[in-house]
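The values are calculated or read from the model by the stated rules, or taken from the named source; none is laboratory data. Because the structure is predicted, anything quoted here is derived from the model rather than measured. Note that we place each Cβ from the backbone using ideal geometry, even for glycine, and neighbour counts take in every protein chain shown. The protein model used for the area step is the full one, side chains on, heavy atoms only, and it has no ligands, DNA or RNA in it. Shrake-Rupley method; radii C 1.70, N 1.55, O 1.52, S 1.80 Å.
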Amino acid sequence: MVNAIRKALLAIGLPAVLFAAWWLASAGSTSFYFPPLSAIIAEFGETWTAERWRDDVLPSVARLGAGYALSCIAGIALGVLIGRTRWLFRLTEPVLEFARAVPPPVLVPVIMLFAGIGDGMKVAVIVSGSVWPILLNTVAGVRSVEPVQLDTAAAYRLGRTRTLLEVVLPSASPRIVTGMRQALAIGVILMVISEMFAAQSGLGFAIVQFQRSYAIPAMWSGILLLGCLGAALAALFNVFDRAVLHWYHHQRAEEA
Amino acid sequence: MLEVAGIGRDYRVDGGTHTAVDSLSFQVAEGELVCIVGPSGCGKTTLLRMCAGLLAPTRGRALVDGREVDGPPEGTAVVFQEYGRSLFPWMRVGANVELPLKRLGLTRGERRNRVAEALRLVDLEGKERVWPWQLSGGMQQRVAIARAVAFRPRLLLMDEPFAAVDAQTRADLEDLIRDLWSRLGITVVFITHDIDESVYLGQRVLVLSSPPTTLRAEIHVDLGPDRDQLETRSGPAFAKLRAAVWREIQAAKRGGE
Ligand SMILES: Nc1ncnc2c1ncn2[C@@H]1O[C@H](COP(=O)(O)OP(=O)(O)O)[C@@H](O)[C@H]1O
Ligand SMILES: [Mg+2]
């Protein structure tokens, strides 16, 4: 109990300090571009009305959700296929190595060229960046299953499907979840960037609009909202991580 | 039950080939408990993996019930040396033991019963909800044995299952194997590098040579069905048998040089 409280305090400690520092440092600010935090927060309620949530925040989150879900499905499915098929792995290894090295946003203009500027484009942009960490980690995880475990599955004749679902995927799950965590961060970034280029709605679109119309406190409030969204998603992901990998974390704690 | 006919296996090692098992032939009858003993690196694991259908032989073949082994044969269970790693850490003990039963067309209740019974047999009654990594090495190996027992195999292959557990646990596990074997009437092939263990457990001991491995000797263990860690091991018959196995292994080592 005491431990849990201490953990919670540690978790919110640094953000709270930074927030306080921002508040104090900006308190007397008269700069047009760096308004006081108090002004930004006052603006927050004004700007993010129910209408804006419906027209900008929800579409953003929906695109992110769709892009992220697609990335997970495609990344895991392809990763299992490549990781379990020797010739396919040999064939794709150089490409995967290359893809790992390319920073995700460089693809944005290229994909816009092909996919147009609709929702599909934005989802495609998100997938184009998010799928890689999931794919690469799944391949690595699937390939590093303990040989004795595969022998056990084979000796008891578990069959392909059961071996995949009960042995290979759980064994690779710590790596897959690592990939999904990286993918989520990349997905949020790409969501905003794709909306900044060409869009009629979305968080990124709204922030750029505020900036262009010199509504600086509103712009800052948008950035603040983005930060909160990122933090909320990260917290949600931690819950997911602990639910799926509790055996893994427990085991590691036990062995340490 | 199990027949090995001229089986051999080469491994490719940087350009050349290394003959791990040259040519082995022997038979194991239904219901027998046979120990295979040989020095480290003589190809015991290789032999077991070929019998289990996990590794294709380079020469010869293994037959289970007269049928050539070209994949894991039905009704065969394997207990590996690396017990800790053969259990699935994402499943509790009960689920580990239950997994191979899932394709046997049993009802949930039947599976539960088999799991509970198998765990009772290995002295882990009621440990279904425990995680494997919360158990000691000896207990983990008992879970692996329970998994094999619950499966009710006709042929049980064991690869140095007790090599990494402490002496007391090991003695208990040896008695457990003899007990399970006589109770369940299954055929057991038990691989070990430990001479005493092979004599204490087996009805018959097959001694392997150093690589390239062949069958060096076959020794019948006439110690009777009831064995006791203290009495059996301290008797003159046991001493004579272990000396016989020991001599063969020494000769095998010299022959291999
Ligand atoms: N996958 C492999 N590739 C190459 N050599 C191997 C492989 N597995 C085993 N060997 C070699 O074959 C020999 C027999 O190994 P093994 O069957 O594990 O012996 P044992 O179980 O009796 O210790 C050893 O010399 C070992 O180095
Ligand atoms: Mg071995």
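Just give the residues from the stretch A:138-152 buried by at least 30 square angstrom of accessible area in the all-chains context relative to the isolated chain, probe 1.4 Å, and say none if nothing qualifies.
A:Glu146, A:Val148, A:Gln149, A:Asp151, A:Thr152
Would you list the P(r) distribution for chain B, with all Cα-Cα distances sorted into 5 Å bins from 0 and each bin expressed as a whole %?
Pair shares across the bins are 1, 6, 13, 17, 19, 16, 13, 9, 4, 1, 0, 0.
Under unit Cβ charges (Lys, Arg +1; Asp, Glu -1), what dipole magnitude, rounded to 20 debye, does the protein assembly as shown have relative to its Cα centre?
For the protein assembly as shown, the charge dipole is close to 600 debye.
Determine the total buried accessible area between chain A and chain B, counting protein heavy atoms only with a 1.4 Å probe; round to the nearest 100 Å².
In total, chains A and B hide about 2400 Å² from solvent.
First compute the accessible area of chain B with a 1.4 Å probe, then give the percent of it belonging to carbon and sulfur atoms.
46 percent
Only protein chains counted, 1.4 angstrom probe. Which residues of the stretch B:114-149 are at least 10 Å² less accessible in the assembly than when their chain is isolated?
Going by heavy-atom accessible area, the residues of the stretch B:114-149 that drop by at least 10 Å² are B:Trp131, B:Trp133, B:Gln134, B:Arg147.
For the protein assembly as shown, what value does the Rg/Rh ratio take when both radii are computed over Cα atoms and Rh is the Kirkwood radius, given to two decimals?
Checking Rg against Rh, the ratio lands at 1.14.
Considering only the protein assembly as shown, what is the antiparallel percent among its DSSP beta bridges, to the nearest 5?
50 percent
Which residue fluctuates the most in chain B, going by a Gaussian network model with Cα springs under 10 Å, if the choices are B:Ser210, B:Ser23, B:Ser234?
B:Ser234
When the helix-only estimate is applied to the protein assembly as shown (DSSP H runs of n ≥ 4, each -39,500 (n - 2.57), divided by the residue count), what is the mean residue ellipticity at 222 nm, nearest 500 deg cm²/dmol?
One gets -19000 deg cm²/dmol as the mean residue ellipticity at 222 nm.
At 10 °C and 1.306 mPa s, grab the translational diffusion coefficient of the stretch B:87-152 from Stokes-Einstein with a Kirkwood Rh over Cα pairs, rounded to a whole number in µm² per second.
140 µm²/s
What residues of the stretch A:165-198 lose no less than 50 Å² of accessible area with every protein chain in place versus their chain by itself (probe 1.4 Å, heavy atoms only)?
Buried by the other chains: A:Glu166.
Probe of 1.4 angstrom, ligands and nucleic acids ignored: what's the accessible area per residue over the protein assembly as shown, in square angstrom?
49 Å²
Gap in Å between the Cα centre of the stretch A:154-171 and the Cα centre of the stretch B:18-63?
The distance from the Cα centre of the stretch B:18-63 to that of the stretch A:154-171 comes to 25 Å.
Any idea what the relative contact order of the stretch B:22-171 is, in percent, if you count C-alpha pairs under 8 Å spaced at least 6 apart?
After rounding, I find 28 percent.
Among A:Arg90, A:Arg212, A:Arg160, determine the one that fluctuates most according to a GNM of chain A built with springs between C-alpha atoms less than 10 Å apart.
A:Arg160
Not counting ligands, DNA or RNA, and with a 1.4 Å probe, what is A:Ser38's accessible surface area in Å² rounded to the nearest 10?
Using a 1.4 Å probe on the heavy atoms, I get roughly 60 Å².
Would you give the gap between the C-alpha center of the stretch B:125-163 and the C-alpha center of the stretch A:10-89, rounded to a whole Å?
48 Å
Once you order the gyration tensor axes a ≥ b ≥ c over the Cα atoms, which shape class does the stretch A:37-255 get: rounded for a/c under 1.5, otherwise prolate or oblate by comparing a/b with b/c?
Verdict is prolate for the stretch A:37-255.
Over the stretch A:1-159, with every protein chain in place, what whole percent of the accessible area is carbon and sulfur at 1.4 Å, could you tell me?
Summing carbon and sulfur atoms, their accessible area is 72 percent of the total for the stretch A:1-159.
Residue by residue through A:154-164, how many Cβ atoms from other chains fall within 10 Å of the Cβ on average?
Across the residues of A:154-164, the mean count of other-chain Cβ atoms within 10 Å is 5.
Across peptide A:11-21, what mean number of C-beta atoms from other chains lies inside 10 Å of a residue's C-beta?
0
How big is the gap, in Å, between the Cα center of the stretch B:226-257 and the Cα center of the stretch B:173-187?
A separation of 21 Å, based on Cα centres.
For chain B, set up a GNM with springs between Cα atoms under 10 Å and report which of B:Lys127, B:Lys240, B:Lys44 has the largest fluctuation.
Judging by the Gaussian network model, the answer is B:Lys240.
Considering every residue in B:45-52, what mean count of other chain Cβ atoms within 10 Å of its Cβ is obtained?
1
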